[in-house]
Amino acid sequence: LVVAQLDETSMQTIMHYLDLMEILMQKESQGRRTTIIHVIQSLSSFLYEFHANSLSSQKPFSRSEELAGQFLSLVDMHCHEHHNIKWYADALHLTPVYISNAVKQVTGRTAGDNITDCLVRKAKSLLLTSTLSVQQISDRLGFQNQSHFGTFFRRAVGTSPQKFRRND
C-alpha cells in the first residue's frame, strides 16, 4: 500500500472537484452526466499526477502510517457491513486501542470518525444518485432499521435523509 501525503493546496483542489460533483448530481440538466464524467476524469488525472510526483520524493512510511492506510482501505470496502472499530482491529490483528491511536496520529481524526465519514459519503451518494428508498439505503448500509439510519444521518449531516435527497 502506497499513500501520498496531501498538502493543503492539493486537498483544497480535491475538495473542489468533490463539491463540484455534488452540485452537479443535484442539478437536472441534459449534459449533467457528460459533465460529471469530465469532472471525474479531471480529478483522476490530477490524482494520478499528484501520486506520480509524490512517489519520486517519498520517504518510507512509519508503522502508524501503514496501519492507517490499511485501516482506511478496509473502511472504504466494508463500512456498509461493519460500523464498529473492533471488526477492523480484528481484521488487522491489532487491538482497537492500538489501531485507534495510529489512525488518530496519522489522520487527526478518530477511527470512529473515519467510519462515520465513509458511511455518510456512501449514504449521500445513494440518496443523490439512486432511486432506492431510504429503507433500502438503510439496509444496504447495514443499519438496524430506518429510524437508526435517520438519526445517524441527521447527526452527521444536519438534516434528514429525505430532506437531503430533496435538497431542502
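If the requirement is being among the small types (Gly, Ala, Ser), touching a Ser or Thr at 6+ places or on another chain (Cβ under 7 Å), open to solvent by less than 30 Å² (accessible area, probe 1.4 Å) and free of Cβ contacts under 8 Å to residues at least 40 places away in the same chain, which of these qualifies: 89, 123, 111?
Details: 123 fails: touching a Ser or Thr at 6+ places or on another chain (Cβ under 7 Å); 111 fails: free of Cβ contacts under 8 Å to residues at least 40 places away in the same chain.
Exactly one residue qualifies, and that residue is 89.
If you scan the stretch 141-168, which residues turn out to be polar (S, T, N, Q) and loosely packed, with under 15 Cβ neighbours inside 10 Å?
Kept after step one, since they are polar (S, T, N, Q), are these residues of the stretch 141-168: 144-147, 151, 159-160, 162, 167.
Selection gives 144, 145, 147, 151, 159, 162, 167.
Looking only at the stretch 126-140, count every residue that is out of contact with any Lys or Arg (no Cβ under 6 Å at 6 or more places or on another chain) and either in a helix (DSSP H, G or I) or surrounded by 15 or more Cβ atoms within 10 Å (Cβ to Cβ) (or both) and tell me the total.
Filtering the stretch 126-140 for residues out of contact with any Lys or Arg (no Cβ under 6 Å at 6 or more places or on another chain) gives 126, 128-140.
Now narrow it down to the ones that are either in a helix (DSSP H, G or I) or surrounded by 15 or more Cβ atoms within 10 Å (Cβ to Cβ) (or both): 126, 128-129, 134-140.
Selection size over the stretch 126-140: 10.
Report, ordered by the first and then the second residue, all pairs with beta carbons closer than 8 Å, sequence separation of six or more or different chains, a first member in the stretch 33-54 that is more than 18 Å from residue 19 (Cβ to Cβ) and among the aromatic types (Phe, Trp, Tyr), and a second member that is in a helix (DSSP H, G or I) and at pLDDT 85 or above.
Close Cβ pairs satisfying both conditions: none exist.
Condition first: over 21 Å from residue 128 (Cβ atoms) and either touching a residue at least 24 places away in the same chain (Cβ under 8 Å) or among the aliphatic types (A, V, I, L, M) (or both). Can you find one or more residues in the stretch 11-22 that meet it?
Looking for residues that are over 21 Å from residue 128 (Cβ atoms) and either touching a residue at least 24 places away in the same chain (Cβ under 8 Å) or among the aliphatic types (A, V, I, L, M) (or both), one finds at least one in the stretch 11-22, hence yes.
Of 81, 49, 28, which residue is within 22 Å of residue 152 (Cα to Cα), exposed (fewer than 12 other Cβ atoms within 10 Å of the Cβ) and out of contact with any helix residue (DSSP H, G or I) (no Cβ under 6 Å at 6 or more places or on another chain)?
Values: 49 fails: within 22 Å of residue 152 (Cα to Cα); 28 fails: within 22 Å of residue 152 (Cα to Cα).
Only one candidate passes the filter, namely 81.
Within the stretch 92-108, how many residues turn out to be under 27 Å from residue 123 (Cα atoms), out of contact with any Ser or Thr (no Cβ under 9 Å at 6 or more places or on another chain) and not aliphatic (A, V, I, L, M)?
3
The values are calculated or read from the model by the stated rules, or taken from the named source; none is laboratory data. Note that the coordinates shown come from a computational prediction; the quantities given were computed from them, not determined experimentally. Methodologically, a virtual Cβ is constructed for each residue, glycine included, from the backbone with ideal geometry; neighbour enumeration extends over all protein chains shown. To get the accessible areas, we keep the full protein, side chains included, count just its heavy atoms, and leave off ligands, DNA and RNA. Shrake-Rupley method; radii C 1.70, N 1.55, O 1.52, S 1.80 Å.
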